[in-house]
Structure formats: structure tokens, C-alpha cells
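The values are calculated or read from the model by the stated rules, or taken from the named source; none is laboratory data. The structure displayed is predicted, hence computed values, not measured ones. FYI the Cβ positions are ideal-geometry reconstructions off the backbone, even for glycines, and counts take in every protein chain you see.
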Amino acid sequence: MGGSLIKNMKKVFVNGYGSIGSRITSFLQDDSEISLIGVGKYSPDDDVNLAISRGLDVYVPERKLNDFKDFKITGTIESALDDCDLVIDAAPGGHGFKNKKIYMSQKI
């Protein structure tokens, strides 16, 4: 049974890690049927280190990699989207609608 459960785990990416994204990830981390691949961050702030301290992989927009050079970043948001089955968008105001076009083009 364990092997089939692992095979059926959904890989979830939470795009945005602020007041909403941090709460969502805390629930997802406790779900045995979900593999939380990481969180997306748009601004280099204290929430980046908070996410890392909670064992989360942090992904940032490719165009902003240099802004996050002082943090231990796992990769780009674009690469995380390539690797997930489902994305939960918790990005700050206005980004969610823009991100929807990306998600649709990748059939997420």
C-alpha cells in the first residue's frame, strides 16, 4: 500500500509565501497525500528565511534571481511549475491574475 500512496501523491507548489501562503503551506505539510515541492517568493524579505527554516524549498522569478543572492534559493518559479501537478496561487495583489495565463499555458 505504501508504494501506491507515494505514486499517487500530488506535487503541489504554493506560489506566494506571505500571510496567506504561509498558512496554506502549514496545512499542506501535514497532509500525507501531498508532496509540497516548495513556495514562490517575489520579494527578498524575512519570509524567505522563515520558509527555509520551516523546511520549505523557495523558488523565485527567474528575472529576480539576483535580488535573492543572499538567500538559499532552490530554483526558479518557472522550474517549480514544470515539476508540479497543482499550483495554489497566494501571490500578492494582482499577480494571481497574471500568473493564471502561465498556469493555463502549462496546463496546471
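None of Lys41, Lys11, Lys72 is of a type in the set (D, E, K, R), under 17 Å from Ile108 (Cβ atoms) and in contact with a strand residue (DSSP E or B) (Cβ under 9 Å, 6 or more places away or on another chain) except Lys11.
Entry remark, the stretch 18-36: residues being within 16 Å of Ala91 (Cβ to Cβ) and under 11 Å from the mean Cα position of the chain (by Cα) number 4 in total.
Residues that are buried (at least 18 other Cβ atoms within 10 Å of the Cβ), under 11 Å from Asn15 (Cα atoms) and among the charged types (D, E, K, R) do not occur anywhere in the stretch 73-83.
For the stretch 84-105, enumerate the residues that are over 20 Å from Lys10 (Cα atoms) and more than 15 Å from the chain's Cα centre (by Cα). Matches in the stretch 84-105: Gly93, Gly94, Phe97, Lys98, Lys101. The residue that is nearest to the chain's Cα centre (by Cα), among those in the stretch 67-79 that are outside any loop (DSSP other than H, G, I, E, B) and acidic (Asp, Glu), is Glu78. Modelled with pLDDT under 95, farther than 19 Å from Gly18 by Cα and either in contact with a Ser or Thr (Cβ under 7 Å, 6 or more places away or on another chain) or assigned to a helix (DSSP H, G or I) (or both), is that true of Ile102? Yes, satisfied. If you go through the stretch 82-99 and keep only what is in a helix (DSSP H, G or I) and either charged (D, E, K, R) or modelled with pLDDT of 95 or more (or both), you end up with Asp82, Asp83, Lys98.
If you go through the stretch 24-40 and keep only what is under 16 Å from Cys84 (Cα atoms) and touching a helix residue (DSSP H, G or I) at 6+ places or on another chain (Cβ under 8 Å), you end up with Thr25, Glu33, Ile34, Leu36, Ile37, Gly38, Val39, Gly40. Among the residues of the stretch 9-66, those identified as within 16 Å of Ser79 (Cα to Cα) and either in a helix (DSSP H, G or I) or of a type in the set (D, E, K, R) (or both) are Lys11, Lys41, Asp57, Glu62, Arg63, Lys64, Leu65. Here Lys41 does not qualify as of a type outside the set (S, T, N, Q), modelled with pLDDT of 95 or more and over 18 Å from Tyr103 (Cβ atoms).
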